[in-house]
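Asker: The structure's right below; bear with me while I get my questions together.
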Amino acid sequence: MLFFVALGATSSLAQQTDLAIKLRLAQSFEQAGEWSRAASAYESLLEENPQSFVVVEGLRRTYTELKQYDKAISLIREQLRVNPADENMLTILGGLYDLSGNQPAADSLWRLVIMKDVKNAGLYRLVAAQLIDHRQYERAIEIYLQGRAGTKNDNIYIEELASLYAALHQYHNATTEFIKLVQTNPQQVSYVQSRLASFTNRPEGWQSALDVVRDAVLRSPENVQLHSILAWLLIEGKQYDGALEQYRIIDRVTKANGVELYSFAQRAAQEHAYRTAQRAFQEVLRMNGAANILSYARFGYARAVEELSAESDSAARQPGERTEPAGNITSGVAETMPTFQGALGLYEAILADFPNSDIGMQALFRIGTIRFVRFFDLDGAAKAYDKVRTLPFNPSLQQEAILRLAEVQTAKNDLNRAREDYVQLLRITTDQNREKVLFRLAELNYFEAGFDSASAVLQRLGNTLRSDEANDALQLLYFIQENKPSGDALGEFARAELLVRQRKYSEALARFQALTIRHPSVSLVDDAVMRIAELHLLLNHPEDALSVFRHIVVDMPTSVLRDRAQMRIGEIFESRLRDNAKALEAYEKVLELFPTSLFTEEARKRIRVIRGDSL
C-alpha cells in the first residue's frame, strides 16, 4: 500500500514539474514576442490544465496580441460556463468585445458587472482597468465618476482620476483631485508635490495647479498643508516673494517661532533668490525666533547680503545696470553693497558674539573670502584663513581654509609656502579634495617652468576623469605638451599667467606683449594675443581689447582662436559698450565666417535676444 502511495506522489510531483517547465517555455516565447509559438504552447497547456487561471490569462494575452479576438472571446466564454458569475472574467470578456469593435456588447457586459452591486468600488475598478489598458482614458474617467455616484463616496478613486486627468493634460482637474487627497490625508503633501511635478514644469500645467491651489487656500485659510503646496508651487515658478508670504502664514499657524521662515530662507538662498532670503532671515531675527536658529539666521542674513553685494558689484561693472542696496538690520551696519563692507561688518559682529563656535568659524572664513576675492587684501585674508585652520569645529572648513591660504600665498608670490600648505593638506584631506590639491601643486610646477613634473601629475589626474579638476588637468596637460617645443617661450608664458593670478595685470600685459615680439613664430603667440585682449578688458580698456580681437580675426588667418575672438567682439559691444547694433553685426559675422564653430549656437541665441525674438 505504501508503495502505491509513494508511486502516486512521485507521479504527481513529476506532473507538476513538467507543467512548470512547459509554462516557463510558453512565458519565454511571450517575453520574446514570439506570439504564435507562445499561443501553441499555452494551448497545449490548456488541454492539460483547463481551469488554470495562469494558463488561461497567458493564452488570452497571446490571442489579443495576435488580434485573434474571436479565439480569445471563445476562451473566456468557455471559462464562464464553469463560473458564469465571475466578475473578473466578465470584465475581461467585455474588454475583448471592446477591442474587437463591438462596443455595445462590451458596455452591456460591464454594466452587468457593475449592476451586481453598485456600491462595490472594486467592480468599477475592474471595468476602468480594461479601459485604461486600451488607452481609453476618458471612458475610464466616466466609469470612476459613475463609481463615486454609485458608492456615494466622493473621496475614492482620487489617485486614479488624478493620473488620468494628467495624462489627458487636464491639469485643473488633476490638481483638484490631488488637493482632495491632501485634504483627506494631510501626510501626503510630499507625495502630492512629487505627482504635481510631473506637469508643473509646463507653463500651462503650473498655472492650472497654481489657480486650483490658491482657490483651495482661500476656502481653507488655516490649512497648513495647502499653504505648503502653494508655497512650493510659487518657488517652482520662481515667485519667491509670494512663497515668503505663505511661509509667514505657515510659521504663524504652526507656532513655529521662526523655524519655518528660517527653513524657507535657506531654500531661497539655495535657489539664489538672495533678496527674498535676506528678508526672510531678517524677519526671523526681528521676531527673536527660536534660540537654536538665531545665530544661523544671522549668518544666513550675512551670506545673503554678501551675495547681493556680488550681484550689485557685477552689475556696476556693466553701465546702465544697478540694483538697489540691501536694507539695514538692527545692527546699524552700513550695507553699501558694491563695497562688501556691509557683509564684512555682519560677519565680524557674528565672530565677536560667537568666537569659539562653528558659526564663528564660518563667519571668519567668509571674512577671509571677502578680503581675498573682493578686496584682494592678501594680508587680511591670510590672517583670517590662518585662524580658521586652527579652529576645531569644522574639519572640512579647516581644509578649505588651508587650500585658500595656499592660493593667497601664490598671489603673494610665496610659492614655497603655498607648496608647503598644499603638501600639508594632502596629508589630511579627504579623497574628494585630493584631486583639487594635486591640481594646484601641478599649477605651481607649471608657473615655475617645471613642465615635466607638472605633466606627470596632470597625466594622473586626467586619467581619473571624475571631476572638474580632471578636465582642467587635461586642458593644461595638452597645452604644455603642445607648446613644449616653443622652448623658453612657454616659460615666459607661464610666468605671465602667474602675474595674472596675482592680479598684476599691467605687468602681465607687458610680459605677453614682449613674448609676441621675442617669439613671433611660436604657436604660443595665438594664446598670448588672446591673453593680451582679455587683459585690456580687465584693465577697463575695451577699445584696446576690441582692436586686438579684430587683429586675431583679420590678421591671423591660421589661428584656431579666430571664432572665439569674433564672439568676444560681440560680447564686448553687447555687455560693456551697450551697442546692440554693433553687437548684432559681430554675432552675425560669427555665423558668416565660422559656420561650423562651437560658438554658432550661442551667437544665434544672442542674436535672437537682441532682436527680441525670444520675448
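A short reminder: the numbers here are calculations on the coordinates, not readings from a lab. A quick note: this is a predicted structure, and the numbers were derived from the prediction, not measured. Every residue, glycine among them, receives a Cβ derived from its backbone with ideal geometry; neighbour counts consider all protein chains shown.
Asker: Let me know the shape class of the range 451-551, please: from the alpha-carbon gyration tensor, a ≥ b ≥ c as square roots of the eigenvalues, rounded when a/c is under 1.5, otherwise prolate if a/b is greater than b/c, or oblate.
Answerer: prolate
Asker: Roughly how tilted is helix 431-447, in degrees to the nearest 10 and between 0 and 90, from the longest Cα axis of the chain?
Answerer: Tilt relative to the chain: about 30 degrees.
Asker: In nanometres, what is the gap between the two model label sites at Asp70 and His551, each 7 Å from Cα along Cα-to-Cβ?
Answerer: So the two model labels end up 8.8 nm from each other.
Asker: When the dipole is taken about the Cα centre of the chain, and only Lys, Arg (+1) and Asp, Glu (-1) are charged at their Cβ, what size is it in debye, to the nearest 20?
Answerer: So the magnitude is around 640 debye.
Asker: Let me ask something else about it. Whole Å is fine, so just give me how far the alpha carbon centre of the range 548-573 lies from that of the range 400-417.
Answerer: 35
Asker: Could you check the spin-label model distance between Ile517 and Glu602? Points 7 Å from the Cα along Cα→Cβ, value in nm.
Answerer: Taking the two extended label points, one gets 3.2 nm.
Asker: Taking 0.36 nm per intervening residue step and subtracting the Cα-Cα distance, what contour gain separates Ala32 from Asp379 on full extension? Could the numbers behind the result be given before it?
Answerer: Values: separation 347, 0.36 × 347 = 124.92 nm, distance 7.16 nm.
Gain on stretching Ala32 to Asp379: 117.8 nm.
Asker: On to the next question. Relative to the first principal axis of the alpha-carbon coordinates of the chain, what is the inclination of helix 562-571, with its axis defined by its Cα atoms, in degrees from 0 to 90 and to the nearest 10?
Answerer: Taking Cα atoms only, the helix is inclined about 90 degrees.
Asker: Any idea how far the Cα center of the range 148-165 sits from the one of the range 44-105, in Å?
Answerer: 28
Asker: Starting from the Cα-Cα distance between Arg202 and Gln146, subtract it from 0.36 nm times their residue separation and give me the gain in nm to one decimal.
Answerer: Stretched fully, the Arg202-Gln146 segment lengthens by 17.1 nm.
Asker: Moving on. When a/c is below 1.5 the answer is rounded, else prolate if a/b is larger than b/c, else oblate, so apply that to the chain with a ≥ b ≥ c taken from the square roots of the Cα gyration tensor eigenvalues.
Answerer: Here the chain falls in the prolate category.
Asker: Can you give me the relative contact order of the chain as a percent, contacts being Cα pairs under 8 Å and 6 or more apart?
Answerer: So the answer I get is 4 percent.
Asker: OK, next. Against the longest alpha carbon principal axis of the chain, how many degrees, from 0 to 90 and to the nearest 10, is the axis of helix 600-611 turned?
Answerer: 90
Asker: Once you order the gyration tensor axes a ≥ b ≥ c over the Cα atoms, which shape class does the range 535-604 get: rounded for a/c under 1.5, otherwise prolate or oblate by comparing a/b with b/c?
Answerer: Oblate shape, in that a/c is at least 1.5 and b/c is the bigger or equal ratio.
Asker: Let me ask you something else. Subtract the Cα-Cα distance of Ala581 and Val82 from 0.36 nm times their separation in residues, and report this length gain in nm to one decimal.
Answerer: 171.3 nm is the gain from fully extending Ala581 to Val82.
Asker: I'd like to compare 205-217, 38-50, 552-564: which one has the highest average count of other Cβ atoms within 10 Å, and what's the full order after that? Display every interim value, and only then the final one.
Answerer: Details: 205-217: 19.5, 38-50: 17.7, 552-564: 15.5.
Highest mean packing first, the order is 205-217, 38-50, 552-564.
Asker: Also, quick follow-up: How much net charge surrounds Ala209 when only other residues with a Cβ under 12 Å from its Cβ are counted (Lys, Arg +1; Asp, Glu -1)?
Answerer: Computed value for this residue: -2.
Asker: In addition: So for the pair Asn185, Ala291, with labels modelled 7 Å out along Cα→Cβ, what separation do we get in nm?
Answerer: Taking the simple label geometry, Asn185 and Ala291 are separated by 4.0 nm.
Asker: So what is the relative contact order of the range 434-496, in percent, for Cα pairs below 8 Å that sit 6 or more residues apart? Write down the numbers at each step before the final one.
Answerer: Numbers: 58 pairs, mean separation 21.4, N = 63.
Reported relative contact order: 34 percent.
Asker: At most 15 other Cβ atoms within 10 Å and a DSSP loop assignment: could you name the GluC sites (Glu not before Pro) in the range 529-611 that fit?
Answerer: Qualifying residues, ordered by number: none.
Asker: Grab the DSSP H runs of the chain that are 4 residues or longer, score each as -39,500 (n - 2.57), total them, divide by all residues and round the 222 nm result to the nearest 500 deg cm²/dmol. Don't jump to the answer; show the numbers that get you there.
Answerer: Numbers: 32 runs with 460 residues, N = 615.
That calculation yields -24500 deg cm²/dmol at 222 nm.
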